[in-house]
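Scroll down for the structure; my scribbles are underneath it.
The values are calculated or read from the model by the stated rules, or taken from the named source; none is laboratory data. Just so you know, these numbers come straight off a predicted model, no measurement behind them. When we count neighbours, we look across all protein chains shown, and the Cβ atoms used for this are built from the backbone with ideal geometry, even at glycine. With ligands, DNA and RNA removed, areas are computed over all heavy atoms of the protein, side chains included. Shrake-Rupley method; radii C 1.70, N 1.55, O 1.52, S 1.80 Å.
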Amino acid sequence: MIKSRFFTAVSILIFAFLFVSFSFPNETEIQIKNFRLKNVDNKWISLSQFKDAHGFVIVFTCNKCPMAKLYIKRLNKINDQYKKRGVYLLAINAMDTLVYAEESFKLMQKKAKNEKMTVPYLQDKKQSVAKQFKATYTPQAFIIWKNKNNKFGIKYQGAIDDNASEPDKATNLLTNTIDELLMGKPVTHSKTESFGCRIFYRGEKQIH
């Protein structure tokens, strides 16, 4: 009985440490500058063209990452659910195409068509937008929200949810935060851990 209680207590403490360690609020909110990237339909998209936007969900993803592949339908659903409320989802591929030929723009177009992506799928060819966000993995989600000065600041960064393989059992970390922001509530968890494929920036040494 004592051992059972001990292990239960230890499990709770470990879970609390892991969750809280990735959920602390940012001391200084990072502001994101307007950017303009090419979509798979060959049109250019920028933040500034969404005049009615309260905020954006920015998801760094790619063509080949197994973890990223699991989230396409969920991204479509999130976009359909929130764009009518002024929150737009943009998927961005910032992988280095000089190193990863499978991340080319043509293959992005093929992926968008084959997987029926309804969200904009943008190429960050120079990786400048990913550097603004300090993105590290695919898939990795960010929520940016318009403040009183009409600037967009990062309110959330991390996982889309906590169960990639079983979406019906997942806690929707991303959409829970969007709902809090739309209701004007403080963000409960501003940072969670994301898993997936590493984004290597051009010129960065890769360790295998």
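Overview of values
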quantity: Under Karplus coefficients 6.51, -1.76 and 1.60, residue-wise ³J(HN,Hα) of region 105-113 in Hz, glycine/proline x; calculated: 5, 4, 6, 4, 4, 5, 4, 4, 6
quantity: HN-Hα J in Hz across region 67-73 - Karplus 6.51, -1.76, 1.60, θ = phi - 60°, x for Gly and Pro; calculated: 5, 5, 4, 6, 10, 4, 4
quantity: Solvent-accessible area of Asp161 with every protein chain in place, 1.4 Å probe, in Å² to the nearest 10; calculated: 10
quantity: Nitroxide proxy distance, nm - points 7 Å out along Cα→Cβ at Thr118 and Met183; calculated: 2.5
quantity: Met117, Met67, ranked by accessible area, largest first (probe 1.4 Å); calculated: Met67, Met117
quantity: Rounded to the nearest 10 Å², the accessible area of Ser48 at probe 1.4 Å; calculated: 60
quantity: Exposure of Lys43 as accessible area (Å², to 10), given a probe of 1.4 Å and all protein chains; calculated: 130
quantity: Exposure rank, largest accessible area first [Leu70, Leu173, Leu182; 1.4 Å]; calculated: Leu70, Leu182, Leu173
quantity: Over 21 Å (Cα to Cα) - which of Lys43/Lys64; Lys38/Lys131; Lys125/Lys151; Lys83/Lys191; Lys33/Lys126 fall in this group; calculated: Lys43/Lys64; Lys125/Lys151; Lys83/Lys191
quantity: Probe 1.4 Å, all protein chains present, accessible-area order of His189, His54, largest first; calculated: His54, His189
